[in-house]
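The values are calculated or read from the model by the stated rules, or taken from the named source; none is laboratory data. Nothing here was measured: the structure is a model prediction, and the numbers come from that model. All Cβ positions, glycine included, derive from the backbone under ideal geometry; neighbour counts span all protein chains shown.
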Amino acid sequence: MANYTITFATLECLEHTKMCVESLIKSGVEAKRIVAVDNSSSDGTAEYLQQLGLGAAIINRQNLSCGAAWNQGILVHQSDWTIVMNNDVVVTDKFADKLIGFAINNNLKLVSPARVDGSLDYDFSSFAREAELKMAKAVRLGSSNAICMCIHWSLFNEIGFFRANPSLLGFEDGLFYNDLRKKKIRHATTGSVWIHHFGSVTQEHMKMALGKKNNEVLTKVSDRKLYGQSWFERKLYRHSLKKSHRNWRENEIKDHGMTLHGMREKNEFIWI
C-alpha cells in the first residue's frame, strides 16, 4: 500500500467539507490519512474537523491563503504521495489508490483525475463507474489542475512548495504549474479516476468577504509578469494550450463520445 496523505484547505463552506470528508471515507481512505487546514472559518468548520479523528486538523487564526494551507497539510506527514484537493469535491471508490497507481504505472510525479463541474443533480457513483471503464485509456499528457493533484514528494524537491503569500489569492497553483513547465516535468489528467467538483465555492466566499461580485477577479495582477514571461512567450503559451485542449476534446469526443472534463448544467453534461 502506498504511503500517502490527502490534504485540503477550508474557508467556510461547512456543508461541502462534510460531503468531501464523507466521500473520502466511503471511498476507502482512512481518517488518519486526511489532513485538513482551516483558514479561519466562522461557520463551525473548525469544530467539525477537530472531532473527526483526522491525521491532523490545523486551525489557522487568519486566512493564510491556499498556498500556505496546502504547504501546512503537505508537511505534516511528508508522505511519499500527497493528494492536494479542494474541499468542494466528491470522490469515487478507491479514489486514492487508483490515482497513485496510475501515476506509478505511468512514471508521473503529478496526476489529476477527470472531473465534472457544477451541480450534483445526477447519480455520480454510477456515472463514475461507467466513465472510468469507458475512459480508462484516455490521458491528457501535460495537463492537470489544482482542483485535485496527486503529487510525489520528489517533485517538491525539484520545484519547491506552493507560494505562501496571502496576496496572491488564487495564483499559487498557476505559479506552481509554471515552475512545473519550466522543468519539463511529466504530468497528466487520467480518465481512469473521476471526481465531482461543485465549482468555485471557496473563491465565491472569499469574494463575499472582500465585498466583491462573483464576476469580479479576486486580485488584479499581470500573470505574464508574475510568471516571468515576455509578451510573446505568454501569447505563444496560450495559443499552444488552446490548440492542445481543442485536440484533446476532438479526439476524446470522436473516440468516446465524452471528454475528461465536463460541466453539469440544466440536468445535462457539456463536454469541454
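Among the numbered criteria (1) over 22 Å from ASP117 (Cβ atoms); (2) surrounded by 19 or more Cβ atoms within 10 Å (Cβ to Cβ); (3) of a type outside the set (Lys, Arg), which single criterion is violated by CYS20?
Evaluating CYS20 over (1) over 22 Å from ASP117 (Cβ atoms); (2) surrounded by 19 or more Cβ atoms within 10 Å (Cβ to Cβ); (3) of a type outside the set (Lys, Arg) leaves (1) as the failure.
Modelled with pLDDT of 95 or more, surrounded by fewer than 20 Cβ atoms within 10 Å (Cβ to Cβ) and in a strand (DSSP E or B) - does that describe any residue in the range 183-197?
Yes, because at least one residue in the range 183-197 is modelled with pLDDT of 95 or more, surrounded by fewer than 20 Cβ atoms within 10 Å (Cβ to Cβ) and in a strand (DSSP E or B).
Return the only residue of ASP97, ASP88 being acidic (Asp, Glu), touching a Gly at 6+ places or on another chain (Cβ under 9 Å), farther than 18 Å from HIS16 by Cβ and in contact (Cβ under 8 Å) with a residue 24 or more places away in the chain.
That would be ASP97, the only listed residue that is acidic (Asp, Glu), touching a Gly at 6+ places or on another chain (Cβ under 9 Å), farther than 18 Å from HIS16 by Cβ and in contact (Cβ under 8 Å) with a residue 24 or more places away in the chain.
Looking only at the range 25-42, count every residue that is farther than 17 Å from TRP70 by Cα and among the small types (Gly, Ala, Ser) and tell me the total.
Final tally of qualifying residues: 4.
Within the range 101-113, is there a residue that is hydroxyl-bearing (Ser, Thr, Tyr), buried (at least 20 other Cβ atoms within 10 Å of the Cβ) and under 22 Å from TRP153 (Cβ atoms)?
Yes, the conditions are met somewhere in the range 101-113.
Go through the range 1-40 and report how many residues are over 13 Å from ALA57 (Cβ atoms), part of a helix (DSSP H, G or I) and not basic (Lys, Arg).
Result for the range 1-40: 9.
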